[in-house]
C-alpha cells in the first residue's frame with residue numbers, strides 16, 4: 001500500500017547567533033508567548049561558547065547547541081558540522097540573528113538573515129553591526145555636502161529580513177520596513193557634536209527596536225510560506 005505524505009502543521013526552526021542574543025530573544029520570547037504558532041523552535045545555535053544568547057535561550061527553555069567557530073578552526077569545518085546538526089530532513093527553517101559567521105546554503109532549508117539597513121546599498125562582506133549604521137550616516141552627510149539634500153530633510157533607513165544566499169546580502173527580501181532617522185541625530189553629526197561612532201550607536205538603538213518587532217513576524221511569514229508550498 002502506497003504511503004501518503006502528510007503535510008507539516010508546524011515548521012521546525014533553528015536560530016543561529018554569535019553575541020548577546022537580543023534579536024534572537026525577540027523571536028524566542030514571541031515563540032514562548034504563543035505568537036508564532038506555526039513553528040517548533042527546536043534550538044538556538046551559538047557560534048561562540050560563552051555568548052549571551054545561550055543564557056537568554058536557557059531562560060526561555062529553548063534547547064541550545066554550541067558550534068564554536070574558533071574552536072572548530074575553519075569556516076569549512078564549521079559549516080560541515082552545522083549542516084550535520086541542522087539536517088534538512090528534520091529542520092526546514094533557519095534564522096540568522098546576530099550571526100557573524102558565513103553560513104553556507106543548505107539544500108532543503110530556508111535560511112534568512114536580518115540586515116539593519118538596505119542590504120543592496122549597505123551590504124556585503126564585513127557589513128554588520130555599527131559599520132552598517134556608520135555607512136548610512138556617511139551617505140547622508142555626503143548627500144548634504146553635495147547639496148542633494150538639506151540637513152532638515154527626512155532621511156530613512158530600511159532594516160530588511162532577506163533570504164541568505166552564498167553571496168553576502170544578495171537574497172530576496174522577505175520583510176522590510178522604513179525607519180525614519182531622528183533629525184536631531186543628523187543635525188548633531190553634521191555640526192560636529194557627535195562622532196561617527198556615537199551617531200551610529202544612537203541610530204542602532206533606534207533600528208533595533210524595529211528589528212525586534214519585525215523578526216517574530218518574519219519567522220511566522222517564512223514558516224507559512226513553507227507550509228503553503230507543501231504538496232500533500
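Going through region 83-108 one residue at a time, which ones are free of Cβ contacts under 8 Å to residues at least 40 places away in the same chain and out of contact with any helix residue (DSSP H, G or I) (no Cβ under 6 Å at 6 or more places or on another chain)? Within region 83-108, 83, 84, 87, 88, 89, 107, 108 meet the criteria. In region 120-157, which residues are out of contact with any helix residue (DSSP H, G or I) (no Cβ under 9 Å at 6 or more places or on another chain) and touching a residue at least 40 places away in the same chain (Cβ under 8 Å)? Once the filter is applied, which keeps residues that are out of contact with any helix residue (DSSP H, G or I) (no Cβ under 9 Å at 6 or more places or on another chain) and touching a residue at least 40 places away in the same chain (Cβ under 8 Å), region 120-157 yields 120, 124, 125. Among the residues of region 85-104, those that are in a loop (DSSP other than H, G, I, E, B) and within 19 Å of the chain's Cα centre (by Cα) comprise 91, 92, 97, 98, 99, 100, 101, 102, 103, 104. Take the conditions (1) crowded, with 19+ Cβ neighbours inside 10 Å; (2) under 30 Å from residue 206 (Cβ atoms); residue 11 misses just one of them, which is (2).
Just the residues that are touching a strand residue (DSSP E or B) at 6+ places or on another chain (Cβ under 9 Å) and either over 29 Å from residue 223 (Cα atoms) or crowded, with 17+ Cβ neighbours inside 10 Å (or both), please, taken from region 141-163. Quick ask: steps written out before the conclusion?
Step one: of region 141-163, the residues touching a strand residue (DSSP E or B) at 6+ places or on another chain (Cβ under 9 Å) are 154-163.
The answer is 154, 155, 157, 158, 159, 160, 161, 162.
The residues of region 41-84 that are exposed (fewer than 14 other Cβ atoms within 10 Å of the Cβ), in a helix (DSSP H, G or I) and in contact with a strand residue (DSSP E or B) (Cβ under 8 Å, 6 or more places away or on another chain) amount to a single one, 58.
Does residue 166 fit the bill of being in contact with a helix residue (DSSP H, G or I) (Cβ under 6 Å, 6 or more places away or on another chain), in contact (Cβ under 8 Å) with a residue 12 or more places away in the chain, surrounded by fewer than 19 Cβ atoms within 10 Å (Cβ to Cβ) and under 30 Å from residue 92 (Cα atoms)?
Values: in contact with a helix residue (DSSP H, G or I) (Cβ under 6 Å, 6 or more places away or on another chain): no; in contact (Cβ under 8 Å) with a residue 12 or more places away in the chain: yes; surrounded by fewer than 19 Cβ atoms within 10 Å (Cβ to Cβ): yes; under 30 Å from residue 92 (Cα atoms): yes.
When the stated conditions are applied, residue 166 does not pass them.
In this structure, residue 38 does satisfy being surrounded by 17 or more Cβ atoms within 10 Å (Cβ to Cβ) and touching a helix residue (DSSP H, G or I) at 6+ places or on another chain (Cβ under 8 Å).
Looking at 207, 219, which is the one that is within 13 Å of the chain's Cα centre (by Cα), within 30 Å of residue 145 (Cβ to Cβ) and touching a residue at least 60 places away in the same chain (Cβ under 8 Å)? Steps first, please.
Working: 219 fails: within 30 Å of residue 145 (Cβ to Cβ).
Answer to the check: 207.
Here's the yes/no breakdown for (1) farther than 16 Å from residue 206 by Cα; (2) modelled with pLDDT of 95 or more; (3) in a helix (DSSP H, G or I):
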| site | (1), (2), (3) |
| --- | --- |
| 133 | no, yes, yes |
| 137 | no, yes, yes |
| 142 | yes, yes, yes |
| 150 | yes, yes, no |
| 154 | no, yes, no |
| 166 | yes, no, no |
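The values are calculated or read from the model by the stated rules, or taken from the named source; none is laboratory data. Predicted, not measured: the structure shown is a model, and the values here were computed from it. Virtual Cβ from ideal backbone geometry, glycine too; neighbours counted across all protein chains shown.
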